[in-house]
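The values are calculated or read from the model by the stated rules, or taken from the named source; none is laboratory data. The shown structure was predicted, so the numbers you read here are calculated from the model rather than taken from an experiment. Virtual Cβ from ideal backbone geometry, glycine too; neighbours counted across all protein chains shown.
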There are 2 protein chains.
Amino acid sequence: MAAQRKVRSDKYTELVNAGLGRDLAKRLGLPQPAVLRRWTPGAPLVQGPILVVGHSDGADAVATALLSWGQDVRRHATPKEKVGAVVLVLDELAHPDQLSGPLLEVGAALRDLNRNGRVVSISRQPGAGDAPETAAARNAVDGIMRSLAKELRAGATANGVLLGGGTAVNAPSALSALRFFLSARSAFVDGQFLTASSDGSPATPDWDRPLDARVAVVTGAARGIGAAIARTLARDGAKVIAVDVPAAGDRLAAVANEIHGTALQLDITATEAGARILDHAAQRHGRLDIVVHNAGITRDRLLANMDPARWDSVIAVNIGAQLRMNQAFLASSHFADHPRIISVSSTSGIAGNRGQTNYAASKAGVIGMVRSTAPLLAERGGTVNAVAPGFIETAMTAKIPFATREVARRLNSLQQGGQPEDVAEAIAYFASEASAGVTANILRVCGQNLVGQ
Amino acid sequence: MAAQRKVRSDKYTELVNAGLGRDLAKRLGLPQPAVLRRWTPGAPLVQGPILVVGHSDGADAVATALLSWGQDVRRHATPKEKVGAVVLVLDELAHPDQLSGPLLEVGAALRDLNRNGRVVSISRQPGAGDAPETAAARNAVDGIMRSLAKELRAGATANGVLLGGGTAVNAPSALSALRFFLSARSAFVDGQFLTASSDGSPATPDWDRPLDARVAVVTGAARGIGAAIARTLARDGAKVIAVDVPAAGDRLAAVANEIHGTALQLDITATEAGARILDHAAQRHGRLDIVVHNAGITRDRLLANMDPARWDSVIAVNIGAQLRMNQAFLASSHFADHPRIISVSSTSGIAGNRGQTNYAASKAGVIGMVRSTAPLLAERGGTVNAVAPGFIETAMTAKIPFATREVARRLNSLQQGGQPEDVAEAIAYFASEASAGVTANILRVCGQNLVGQ
């Protein structure tokens with residue numbers, strides 16, 4: 001499937017990464033965002049050996065898993081050898097005093113981390129029954145990785161896998177999260193955590209076509225992030241039903257044709273939207289496996305100047321439609337084989353945003369919906385998660401005035417906007433078989449954007 | 001007790017709030033941070049009538065409670081009448097469609113909100129058993145209030161009370177949180193939520209001396225935020241034991257004398273630190289009621305350049321000492337009468353910070369500790385909470401180079417740094433009798449600083 005497109009980087013990033021522009025930026029102390037490595041099927045997982053730090057049995061188990069993936073693994077830093085990634089295994093952490101040794105070992109290895117390198121921690125999620133010192137140590141990892149992500153340069157990222165409940169350190173769900181963070185699929189994910197809340201499924205996926213033969217629907221697929229999602233799911237092997245409003249019919253048909261999928265013109269706020277998607281999927285494929293709720297609108301206005309039309313339309317499209325469609329999907333026998341739902345939220349739904357009370361309400365609403373829908377999906381072996389994009393380079397953000405856009409896209413640890421493909425890769429990760437056991441996550445795809453709660 | 005000091009505002013804020021400076025800032029479109037109203041005993045709760053928006057029985061109950069506090073309450077906006085606060089009661093929210101009416105009513109009222117006004121929501125915390133549409137609606141409030149906080153100007157703030165479990169909308173714990181947000185005590189708290197996880201105690205406190213006769217210990221009390229905490233707890237009626245290292249003995253004695261408390265020179269990392277505090281408290285007062293873990297240090301360095309001494313000392317002082325002292329306190333019969341523990345965390349412990357992996361580890365560790373210690377305090381009718389200060393104007397932050405400091409202090413919705421007293425007021429709130437039922441909260445005191453997860 002030749003759906004892979006040349007990844008665009010913004011002009012500034014191109015300028016400061018070659019020739020005179022690079023020299024000039026260095027001399028003037030200007031931001032020098034790196035050109036991020038993006039994933040393509042068949043490319044190596046990381047660029048260089050992987051150093052596994054940690055002395056628990058869990059660290060050995062992780063090293064074994066990495067070897068089974070054909071990776072070059074080190075258990076101790078080799079002087080002057082560059083590494084592609086550092087994996088920090090802290091599964092037995094019981095007191096903050098135990099952080100010192102492994103963290104100083106990571107620190108020493110950072111000088112030898114390759115461009116676009118990776119640091120990934122694996123540790124246990126703090127839980128209600130933890131002793132105070134254990135909970136302190138476990139939560140300390142959060143502060144460490146978010147700080148480290150702000151220190152790394154040259155396209156390198158720092159993220160963490162959290163083992164929920166009794167999840168084993170080398171459970172399929174934990175390893176799939178580790179693999180996502182190590183890979184170039186997570187290029188624009190930085191300073192974030194994924195929780196593997198149960199062990200997941202032991203099936204070994206085809207890592208180059210993890211969605212083979214799965215049937216996926218993507219709303220808002222005619223352009224931007226939605227089109228990128230459709231292309232990425234198709235690249236990963238899925239049969240894609242591309243949904244958008246009738247007014248976007250031509251673009252929608254073009255996307256569907258390009259990826260050998262089908263187009264379905266639909267107003268997602270219509271009462272029968274869920275039923276129509278199910279009918280389409282059942283007739284064509286006999287099933288529906290993956291739902292991506294991507295369609296969304298903005299109608300910005302300060303709350304003091306808000307009107308009912310702006311408020312209601314944003315709520316109806318961005319959250320009301322998802323709630324109604326999910327009800328239809330969950331009532332259907334065609335959506336029953338370890339299904340996946342992935343919603344697109346937004347950093348505005350987490351941090352709020354001036355002029356966007358309605359939009360932030362809808363995107364925070366998505367987060368509430370995802371968390372409470374997880375038990376309903378678990379009943380049928382499925383998962384539901386959300387991605388929260390930050391500043392993504394799309395036709396929509398291209399309309400933002402230059403100066404505002406320049407500031408917005410530099411306000412993250414990677415000092416650049418993300419690509420629609422970055423959001424799509426995170427969604428494809430949640431959609432894959434390997435991510436069973438990874439549910440109720442809200443994953444920011446934002447380059448560690450400054451904005452937060 | 002004449003411990004109240006003149007609140008400093010930074011020079012820029014003074015400049016743009018009077019005469020020529022004000023006109024100039026307006027013309028140039030420069031930030032015009034408001035001079036925030038701070039609390040003094042006896043001052044009115046809010047400046048103007050309080051508009052209660054919402055049509056549930058809960059809204060009526062909240063209005064009744066406000067009347068019982070002697071407030072001037074409106075159930076409908078009166079044309080052209082200025083209001084001091086808007087309270088938005090959404091306790092019966094069950095679907096995102098129900099947000100439109102009350103939020104548009106709030107929006108219309110914003111034009112008549114006084115300077116230093118308040119918008120406070122009261123809604124239910126999303127829970128595991130919620131239906132998806134209920135969870136969506138409840139979590140939508142989070143996005144709304146955080147957005148609204150970014151829209152308000154002139155020192156006005158927007159915050160929310162979350163009712164956990166079956167907490168009643170007019171439970172003492174919910175009303176105490178509402179009162180804190182309405183009052184000038186919360187001047188630098190913006191875009192935040194407090195969870196009232198149980199009803200709390202029905203005792204009616206003396207709102208001007210809520211800590212009367214309670215015995216409090218404050219670590220790191222010789223200066224800065226710690227000294228402000230000691231003064232504020234004393235102003236609220238507490239008998240304060242001021243703790244700091246021997247090297248700060250003179251300053252410590254001065255603070256203790258000023259507030260008619262006692263000084264205790266102590267290295268908090270010593271094994272016997274907890275026992276010595278308990279002995280001191282038992283001998284002087286026969287009891288210990290309130291513990292404020294404020295003492296903390298920074299030893300900044302990129303992780304790549306970190307050394308064991310820097311790492312270990314920060315962990316030992318900022319988290320190790322708190323864990324060990326809490327063990328001693330919780331084992332003591334002198335710390336048994338609905339006790340309170342309040343720890344000082346940091347926005348760096350939530351968002352991470354470049355050069356502060358060790359500090360962020362310790363401050364994130366504090367958050368983990370607080371959450372897991374809550375059940376241990378609940379057993380004896382107590383609570384444990386943390387405050388997470390953002391940029392606060394202290395001798396420490398005054399050393400930051402001018403340009404960096406100017407940027408840092410404007411990067412929040414109130415466009416200014418907070419005062420040590422603002423952190424102290426939040427701690428006094430958690431310490432008070434009225435806050436029974438408010439536990440395991442991490443309250444940011446940061447003016448809605450941009451930095452987040």
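Things worth noting here:
- Top-ranked residue in the range B:340-373 [being closer than 20 Å to residue B:312 by Cβ and surrounded by fewer than 24 Cβ atoms within 10 Å (Cβ to Cβ); ranked as nearest to the other protein chains (Cβ to nearest Cβ)]: B:353
- Residue B:261 meets all of the listed conditions (1) crowded, with 18+ Cβ neighbours inside 10 Å; (2) without any contact (Cβ under 8 Å) to a residue 40 or more places away in the chain; (3) within 14 Å of another protein chain (Cβ to nearest Cβ) but one, namely (3).
- When residues in the range B:310-336 are screened for being within 17 Å of residue B:382 (Cβ to Cβ), without any contact (Cβ under 8 Å) to a residue 40 or more places away in the chain and hydroxyl-bearing (Ser, Thr, Tyr), 1 of them pass.
- Selection from the range A:400-414 of residues that are hydroxyl-bearing (Ser, Thr, Tyr) and within 13 Å of chain B (Cβ to nearest Cβ): A:413
- When residues of the range A:415-453 are limited to those that are in a helix (DSSP H, G or I) and more than 23 Å from residue A:197 (Cβ to Cβ), the one nearest to the other protein chains (Cβ to nearest Cβ): A:422
- Residue A:358 vs. criteria farther than 26 Å from residue A:187 by Cα, in contact with a His (Cβ under 9 Å, 6 or more places away or on another chain) and either in the same structural domain as residue A:31 (by TED's automatic domain parsing) or at pLDDT 90 or above (or both): no
- Residues considered: B:163, B:175, B:211. Of these, the only one that is in contact with a Lys or Arg (Cβ under 8 Å, 6 or more places away or on another chain) and more than 14 Å from chain A (Cβ to nearest Cβ) is B:163.
- Among residues of the range A:62-79 that are more than 21 Å from residue A:112 (Cβ to Cβ), those with a beta-carbon under 8 Å from a residue that is of a type in the set (D, E, K, R) and surrounded by 12 or more Cβ atoms within 10 Å (Cβ to Cβ) at least six positions away or on a different chain give the pairs A:69/A:179.
- The lone criterion from (1) part of a helix (DSSP H, G or I); (2) more than 20 Å from the chain's Cα centre (by Cα) left unmet by residue A:366 is number (2).
- Residues satisfying the stated conditions in the range B:116-134, i.e. in a strand (DSSP E or B) and among the small types (Gly, Ala, Ser): B:117, B:121, B:123
- Taking the listed residues A:120, A:73, A:86, the one that is assigned by TED's automatic domain parsing to the domain that holds residue A:54 and either touching a Pro at 6+ places or on another chain (Cβ under 9 Å) or surrounded by fewer than 21 Cβ atoms within 10 Å (Cβ to Cβ) (or both) is A:73, with no other qualifying.
- Matching residues in the range B:204-229 - criterion: being in a loop (DSSP other than H, G, I, E, B), surrounded by fewer than 21 Cβ atoms within 10 Å (Cβ to Cβ) and touching a strand residue (DSSP E or B) at 6+ places or on another chain (Cβ under 9 Å): B:213, B:223
- Taking (1) in contact (Cβ under 8 Å) with a residue 24 or more places away in the chain; (2) out of contact with any strand residue (DSSP E or B) (no Cβ under 7 Å at 6 or more places or on another chain); (3) on the phi < 0 side of the Ramachandran plot in turn, residue B:107 satisfies each apart from (1).
- Failed criterion for residue A:237 (all others in (1) away from chain B (no Cβ under 13 Å); (2) surrounded by 16 or more Cβ atoms within 10 Å (Cβ to Cβ); (3) farther than 25 Å from residue A:441 by Cβ hold): (3)
- Within the range B:138-160, the residues that satisfy the criterion of being within 7 Å of chain A (Cβ to nearest Cβ) and either touching a Pro at 6+ places or on another chain (Cβ under 9 Å) or over 18 Å from residue A:351 (Cβ atoms) (or both) are B:138, B:139, B:140, B:142.
- Condition check for residue A:448: surrounded by fewer than 23 Cβ atoms within 10 Å (Cβ to Cβ) and not small (Gly, Ala, Ser): no
- Enumeration of residues in the range A:115-136 that are at pLDDT below 95 and either under 16 Å from residue B:315 (Cβ atoms) or of a type outside the set (A, V, I, L, M, F, W, C) (or both): A:127, A:129
- Residue in the range A:169-180 that is in contact with a Gly (Cβ under 9 Å, 6 or more places away or on another chain), over 21 Å from residue A:50 (Cβ atoms) and in a helix (DSSP H, G or I) present: no
- Against the test of being closer than 30 Å to residue B:365 by Cβ and surrounded by fewer than 24 Cβ atoms within 10 Å (Cβ to Cβ), the options A:197, A:201 yield a single qualifying residue, A:197.
- Scanning the range B:379-414 for residues that are modelled with pLDDT of 90 or more and either small (Gly, Ala, Ser) or over 26 Å from residue B:231 (Cα atoms) (or both) yields B:379, B:380, B:381, B:382, B:386, B:388, B:390, B:412, B:413.
- In the range A:141-162, residue farthest from the chain's Cα centre (by Cα) [restricted to those that are farther than 27 Å from residue A:32 by Cα and surrounded by 24 or more Cβ atoms within 10 Å (Cβ to Cβ)]: A:141
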